[in-house]
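To start, the structure itself, in structure tokens.
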Amino acid sequence: MPFKVNLRPFAETDYPAIAQLLNAAWPDEVHSEARLRENDLHAPEIRWGRFVAEVDQRIVGVGEYTQHEGMYHPQKFALGITVHPEFRGQGIGKALYQRVMEALAPYDPISLLCSTREDQARALVWLKKLGFVEKMRYWESRLEVQRFDFTPYTGKIEAVEAAGFALKSLKELEDDPDYRQKAYDLWLEARLDVPRPEAISEVPFEDYCRWVFGSRYYWPEGYLVAVDQRSGQYVAMSTLWKTDGDYLYTGLTGTRRAYRRKGLALALKLRAIALAKATGAREIRTGNEVGNRAMLAINEALGFVKQPAWIDWVKKLGAE
Ligand SMILES: CC(C)(COP(=O)(O)OP(=O)(O)OC[C@H]1O[C@@H](n2cnc3c(N)ncnc32)[C@H](O)[C@@H]1OP(=O)(O)O)[C@@H](O)C(=O)NCCC(=O)NCCS
């Protein structure tokens with residue numbers, strides 16, 4: 001190495017430098033100190049830690065371990081290693097990986113999950129060398145909102161309304177004292193069929209509320225649900241989240257199993273696009289597992305454009 005690298009544990013004051021580093025590594029995404037701080041608000045059982053690599057007191061790499069709250073297992077971890085593009089290929093990533101693994105050892109990890117994008121040739125080789133195996137792929141897809149033409153979809157929203165469903169935002173439902181519980185109940189069912197790299201785990205109501213209503217990116221007008229007018233039950237959802245950039249992000253779109261193929265997801269997404277257009281957003285981004293035909297069919301029909309795929313890699317260290 002032509003320069004001296006110093007590895008040290010993360011400190012609270014590192015947030016701005018880490019955001020800067022992530023913006024350099026992923027120039028088409030906006031990473032902010034606020035987002036990093038929010039991501040670090042974990043449930044108490046979650047074990048996480050972070051280390052930074054410095055050259056001349058400048059942060060040039062970050063390595064961390066954490067656990068996924070919706071796929072929780074006490075011995076399963078997610079890793080993230082990022083090295084500034086100008087400092088790659090010099091062993092900094094490997095050093096960070098080793099430091100993270102040392103920190104993880106006391107927890108006796110049985111499985112590690114790491115993600116990168118298919119256009120990151122070096123990272124793909126690096127992960128394979130470390131013994132990671134590809135588990136799952138997701139396309140991020142993007143829609144240019146202001147150019148969206150609603151003409152081919154004329155009557156789609158009216159049709160679901162005529163069938164007895166009201167399309168509402170949580171903002172419009174806030175007067176119901178149970179709206180959070182109803183939104184949670186719907187989310188519990190909608191998440192069951194979402195493809196994921198590890199087994200799903202339970203998420204208590206309090207954690208759901210923290211993720212949604214406690215998030216600075218929550219947008220009550222953009223969290224849309226279809227309400228069955230006969231029962232009052234929330235039966236389908238599609239959520240738009242704010243970001244720190246000029247784009248919005250679609251979180252979960254999901255329909256209760258008994259209500260699928262009635263046009264509800266499509267109608268909610270059309271409503272979401274109209275809302276995004278009215279607020280002047282440039283783009284909507286979303287992510288879908290490459291085998292999720294139902295969701296992809298809708299996004300493809302709406303004109304979302306696929307980007308290079310994100311890949312989840314898993315390294316097994318022990319038996320379940
Ligand atoms: C994806 C999902 C939200 C679709 O909800 P839905 O309300 O059934 O979808 P819609 O009725 O609006 O479908 C509109 C059109 O999309 C296409 N489509 C929907 N489901 C499809 C499927 N399983 N296979 C192929 N095409 C499908 C069809 O063209 C359909 O129109 P049609 O029924 O007239 O043929 C639903 O399957 C679901 O909840 N899946 C689990 C959650 C999930 O994986 N969400 C995405 C996570 S990123």
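The values are calculated or read from the model by the stated rules, or taken from the named source; none is laboratory data. What you see is a predicted model; the values in this text were computed from it and never measured. Heads up, the Cβs are rebuilt from the backbone with ideal geometry, glycines too, and the neighbour counts pull from every protein chain shown. Just so you know, the surface numbers come from the protein's heavy atoms only, side chains and all, with ligands and any DNA or RNA stripped out. Shrake-Rupley method; radii C 1.70, N 1.55, O 1.52, S 1.80 Å.
What to note about this one:
- Being at pLDDT 95 or above, touching a His at 6+ places or on another chain (Cβ under 7 Å) and closer than 30 Å to Leu188 by Cβ is a property that Ala78 has.
- Filter pass, Lys168 being over 27 Å from Ile273 (Cβ atoms) and either open to solvent by 40 Å² or more (accessible area, probe 1.4 Å) or touching a residue at least 12 places away in the same chain (Cβ under 8 Å) (or both): no
- Summed over the stretch 163-186, residues that are more than 16 Å from the ligand (Cβ to nearest atom) and among the aliphatic types (A, V, I, L, M) total 2.
- Checking Leu296 against (1) outside any helix (DSSP H, G or I); (2) closer than 30 Å to Lys128 by Cα; (3) of a type in the set (A, V, I, L, M), the condition it does not meet: (1)
- All of (1) open to solvent by 40 Å² or more (accessible area, probe 1.4 Å); (2) within 22 Å of Leu143 (Cβ to Cβ); (3) away from the ligand (no atom under 14 Å from the Cβ) hold for Ala301 with one exception: (3).
- Here Asp119 clears all of (1) part of a loop (DSSP other than H, G, I, E, B); (2) under 23 Å from Tyr259 (Cβ atoms) except the condition numbered (2).
- Hits in the stretch 124-135 (condition: open to solvent by 30 Å² or more (accessible area, probe 1.4 Å), assigned to a helix (DSSP H, G or I) and under 23 Å from Gly287 (Cα atoms)): Leu124
- Filter pass, Gln229 being of a type outside the set (Lys, Arg), modelled with pLDDT of 95 or more and surrounded by fewer than 15 Cβ atoms within 10 Å (Cβ to Cβ): yes
- Subset of the stretch 106-120 (residues that are more than 18 Å from Trp139 (Cβ to Cβ) and either open to solvent by 40 Å² or more (accessible area, probe 1.4 Å) or of a type in the set (S, T, N, Q) (or both)): Pro106, Tyr107, Asp108, Ser111
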